[in-house]
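S.K.: Here it is: the structure, laid out below.
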Amino acid sequence: MSSVSNGHQDVDIDLAQLFRAVWKRKGRILAATALVGCLAFVGASMMSPKYSSEARILIEPREPNFTTQTNVQAPTEPLSDELNIVSQVQLLQSVDLIKQVARDLKLYELEEFDPDTNPSAVSDLLVMLGLKKNPLDMAPEERVLKAFQEKLQVYQVEKSRVIGIQFTSKDPKLAAAVPNAMANVYRSLQSGAKLDSNSEAARWLEPEIANLREKVREAENKVAEYRGNADLMQVSETTNFSSQQLSDISAELARVRGERADAEAKAENVRNAIKAGKSTDTLVAITGNEAIQRLKASESEIRGKIADLSTTLLDGHPQMKALRSQLVGIREQITSESTKIAAGLENDANVARSRETQLIQQLNTVKADSARAGTDEVGLKALEREATAQRQLLETYLARYREATTRLDKGASPADARVISSAVEPHEASFPKVIPITIVAALATFVLSAVIVMLSELFSGRALRPVGPVLRGEGESANELAVETANERSAAAVPAPRAVAAAPAHTIPASLLSVEPDEDLAEAMEETLELREQPRPEPEDQDEFSVESVAKYLIGSQARIAFAISPSGDDGSTATVMLARELDERGRKVVVIDMTGSACPTWLMAARKDLPGITDLLCGAAPFSETIHPDRLSGADVIPQGNSDVRQAMRGADRLSMIADALADAYDLVLVECGPANALSVARLSRNGAHEIILSAPKPDEQELVEIMAAFEKVGYSDLVLMSGGGNRQRKTAKRSAA
């Protein structure tokens, strides 16, 4: 098995090798690039040029022309939303619009839009063989429509209300004419839709307005008839005749009552003054009378004469007596006149009282009439409301009718779109771009050729190198490399090889299963064990008990768990690693548990020796998933020795059987490398007869093997598998009996 073909191996990509491979084949790559570039240039030059032109339309609400000439505020239409813009894009691609443009420009007369009228020989052959439908069976209008749609592209400009119309044609004039024609037809359709809407509104409003006029006239006649029958004469918008009359009588009654009270008070005051003999000069009713004023003036004049004559005449003088006699007469006249004034005031009070009585009677009558009018007015208001509602509806319909009839003119209903960029005749072809096509084709060929070269290097393994030790040769297998690595490590660790049996038992813990809770032994486990170089056995001498034969036997027996015992130490553990890799080559999923004291499987399989392993798992220092690591040279997995205290870990050695059972559910074979463990230690972990026991002895001693088999027979294992070969491919199974 090649080490570079295994998916579980940690490898690096050798970038330098990739670039060397590309550089080595630069001639072929450049030749292919130049060839494809020339072909692309010639092919693009031979293609018929196509021209593209584009027109752009802005979707926005536009006001009718008449609104700018009046003071009427036209309703503002909302801005077009995203869905409306998308709808307009679909409208521009509608079949009816395209057909109208095709008719206006007479596109059905052009061969470009109906190439099926002159089919090629290949097309005729395909039609004859039934591989293609006859295009002439389709109507000419449909063929033109299909060709038109292939050349048309309508899209919304991102984050805007602008729609682009792009058309491609062999004729540059036609490429510019089609987008402009589509824009004009689109605007005409929109304007026509508005005209149709206004025309339909006007036709519907005409009979409705005539009907409403009749209803308004009937409602107003009912109001007038009801008002006349109920005698509800309207004085103002809010007051009728009865209410106004009641208000006037109430005001007059209040005025008459005031006059009566004033006359009674004045008459009483004058009468009391006269009876008491008091002067009436301070009474307004007396002093305001003209006769009293004249008498007072005469009295003052006579008093003045008396005063003047008293300086020259005595009181007994006849002239003085005459003047005093006149003064007494005037006073009597004043008193008499005051009495008349009091009587007149009483008469005024009596008249006011009579007038008050009449007004009260009239007020009562008007109140009764007003109450009756209030009842009648309820019905009148109902009729007025009905008439008002009909009148308002009529006015609304009339306003809408006037607006609809005003918009019947073409200029009064513009489309909600305007052309912001007209299509112009292009001077350069949009396709093919000869130079860009040539450059892209050449560049793509160059990149693709380089990628193909790199992929071939990767798949062949020449551009891959393992992360671990460098491979000695492309033909070496993983098992041979494992033996060589172990030998190199052993040679570097000690000056000369020596047998495992020569090491003292208390200084070299050969197997974790034999560890006792002893401090000296725990310290000794931290030291690096010496390895011995073992010569590779000749395949022809070990055919029966080779690694390949044992692997074949384990596959045939469908064993799930196997314990490997290595009496000779690390050379046996190395053979166990070779067995795991051989099983992986045969398609079996294998995991190796390193229970040796020297950590030989860990050295050979794991990337580093300090990875968490079985001792950490038994101590609970690491979870299950973190203790399983891939083999660096194969697809097998390994559970290293670990970093926890060996003595503490072996207190939970009984859990190893449960761990092995759990791993057996996920792997085809769980291989436990125990090192030079004794039969009792292995029996403590394995159920009798349920697991395979492998004696890994690359250079077996027959007497020693007999003793080991006898020891295993005492604890219940009568059948052991001997594995002594290391590299042969004859795949024979060896099963030995202790008997």
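S.K.: Write out, first by first residue and then by second, each pair whose Cβ atoms fall under 6 Å of each other, whose residues are 6+ apart or on separate chains, and whose first residue, in the stretch 215-234, is more than 12 Å from Gly379 (Cα to Cα) while the second is open to solvent by 50 Å² or more (accessible area, probe 1.4 Å) and modelled with pLDDT under 85.
M.R.: Here the result reads Met233/Phe241, each pair linking the stretch 215-234 to a residue that is open to solvent by 50 Å² or more (accessible area, probe 1.4 Å) and modelled with pLDDT under 85.
S.K.: Now for a different question. Scan the stretch 598-614 and report the pairs whose first residue is β-branched (Val, Ile, Thr) and whose second residue is assigned to a helix (DSSP H, G or I), with Cβ atoms within less than 9 Å and a gap of 6+ or a chain change.
M.R.: The qualifying pairs are Ile614/Leu512; Ile614/Thr627; Ile614/Ala649; Ile614/Leu656; Ile614/Ile659.
S.K.: Continuing with the same structure: With (1) over 30 Å from Arg103 (Cα atoms); (2) open to solvent by less than 50 Å² (accessible area, probe 1.4 Å); (3) part of a helix (DSSP H, G or I); (4) modelled with pLDDT under 85 as the list, and Gln244 as the residue in question, which single condition is left unmet?
M.R.: Every condition holds for Gln244 apart from (2).
S.K.: Could you please tell me which pairs satisfy a Cβ distance under 8 Å, a separation of 6+ or placement on different chains, a first residue in the stretch 696-715 that is under 18 Å from Arg684 (Cβ atoms) and free of Cβ contacts under 8 Å to residues at least 40 places away in the same chain, and a second residue that is open to solvent by 40 Å² or more (accessible area, probe 1.4 Å) and in a loop (DSSP other than H, G, I, E, B)?
M.R.: Ala711/Asn678; Phe712/Ser718; Glu713/Ala739; Val715/Asn688
S.K.: Quick test of your reading of the structure: Leu313 fulfils all but one of (1) over 26 Å from Lys266 (Cβ atoms); (2) not in a loop (DSSP other than H, G, I, E, B). Name the failing condition by number.
M.R.: Against the list (1) over 26 Å from Lys266 (Cβ atoms); (2) not in a loop (DSSP other than H, G, I, E, B), Leu313 comes up short only on (2).
S.K.: Here is a follow-up. Residues in the stretch 141-171 that are more than 38 Å from the chain's Cα centre (by Cα), among the charged types (D, E, K, R) and open to solvent by less than 60 Å² (accessible area, probe 1.4 Å): how many?
M.R.: The total comes to 1.
S.K.: Here's a follow-up. Looking only at the stretch 623-658, count how many residues are closer than 17 Å to Ser681 by Cβ and open to solvent by less than 10 Å² (accessible area, probe 1.4 Å).
M.R.: 3
S.K.: Scan Ala664, Ala679 and give me the residue that is open to solvent by less than 20 Å² (accessible area, probe 1.4 Å) and at pLDDT 80 or above.
M.R.: On the way: Ala679 fails: at pLDDT 80 or above.
Sole residue among the options that is open to solvent by less than 20 Å² (accessible area, probe 1.4 Å) and at pLDDT 80 or above: Ala664.
S.K.: Do any residues in the stretch 290-301 that are of a type in the set (S, T, N, Q) have Cβ atoms under 6 Å from those of residues that are surrounded by 16 or more Cβ atoms within 10 Å (Cβ to Cβ), where the two are at least six apart or on different chains, and which pairs are they?
M.R.: Going by the 6 Å Cβ cut-off, the qualifying pairs are Ser298/Ile330.
S.K.: Which members of the stretch 615-642 meet the condition of being assigned to a loop (DSSP other than H, G, I, E, B), touching a strand residue (DSSP E or B) at 6+ places or on another chain (Cβ under 7 Å) and without any contact (Cβ under 8 Å) to a residue 40 or more places away in the chain?
M.R.: Across the stretch 615-642, the qualifying residue is only Ile628.
S.K.: Okay, next question. Within the stretch 11-33, identify whether any single residue is in contact with a strand residue (DSSP E or B) (Cβ under 9 Å, 6 or more places away or on another chain) and modelled with pLDDT under 65, and answer yes or no. Working first, answer last.
M.R.: Applying the first criterion (in contact with a strand residue (DSSP E or B) (Cβ under 9 Å, 6 or more places away or on another chain)) to the stretch 11-33 yields 11-14, 17.
Next, from what is left, pick out any that are modelled with pLDDT under 65: 11.
So far as the stretch 11-33 goes, yes, one or more of its residues are in contact with a strand residue (DSSP E or B) (Cβ under 9 Å, 6 or more places away or on another chain) and modelled with pLDDT under 65.
S.K.: Which of the helices (runs of 4 or more DSSP H) found entirely inside the stretch 66-157 contain at least 2 residues meeting this: at pLDDT 90 or above?
M.R.: 82-92, 95-105, 140-151
S.K.: Taking the stretch 334-363, which residues are among the polar types (S, T, N, Q) and modelled with pLDDT under 80?
M.R.: Those that are among the polar types (S, T, N, Q) and modelled with pLDDT under 80: Thr335, Ser336, Ser338, Thr339, Gln362.
S.K.: Go through the stretch 549-587 and give me each residue that's assigned to a loop (DSSP other than H, G, I, E, B) and without any contact (Cβ under 8 Å) to a residue 60 or more places away in the chain. Spell out how you get there, then give the answer.
M.R.: From the stretch 549-587, those assigned to a loop (DSSP other than H, G, I, E, B) are 558-560, 566-569, 586-587; that's our starting set.
Once the filter is applied, which keeps residues that are assigned to a loop (DSSP other than H, G, I, E, B) and without any contact (Cβ under 8 Å) to a residue 60 or more places away in the chain, the stretch 549-587 yields Gln558, Arg586, Gly587.
S.K.: Checking the condition among the small types (Gly, Ala, Ser), surrounded by 14 or more Cβ atoms within 10 Å (Cβ to Cβ) and more than 28 Å from Glu395 (Cβ to Cβ), which residue from Ala219, Ala201, Ala176 passes?
M.R.: Being among the small types (Gly, Ala, Ser), surrounded by 14 or more Cβ atoms within 10 Å (Cβ to Cβ) and more than 28 Å from Glu395 (Cβ to Cβ) holds for just one of Ala219, Ala201, Ala176, which is Ala176.
S.K.: Let me ask you something else. Would you please name the residue that is farthest from the chain's Cα centre (by Cα), looking only at residues in the stretch 307-328 that are under 18 Å from Ile292 (Cα atoms) and surrounded by 12 or more Cβ atoms within 10 Å (Cβ to Cβ)?
M.R.: The residue in question is Gln326.
The values are calculated or read from the model by the stated rules, or taken from the named source; none is laboratory data. This is a predicted model, so every value here is computed, not measured. Here Cβ is always computed from backbone atoms with ideal geometry, including for glycine, and neighbour counts include all displayed protein chains. Ligands, DNA and RNA are excluded from the accessible area calculation, which covers all protein heavy atoms including side chains. Shrake-Rupley method; radii C 1.70, N 1.55, O 1.52, S 1.80 Å.
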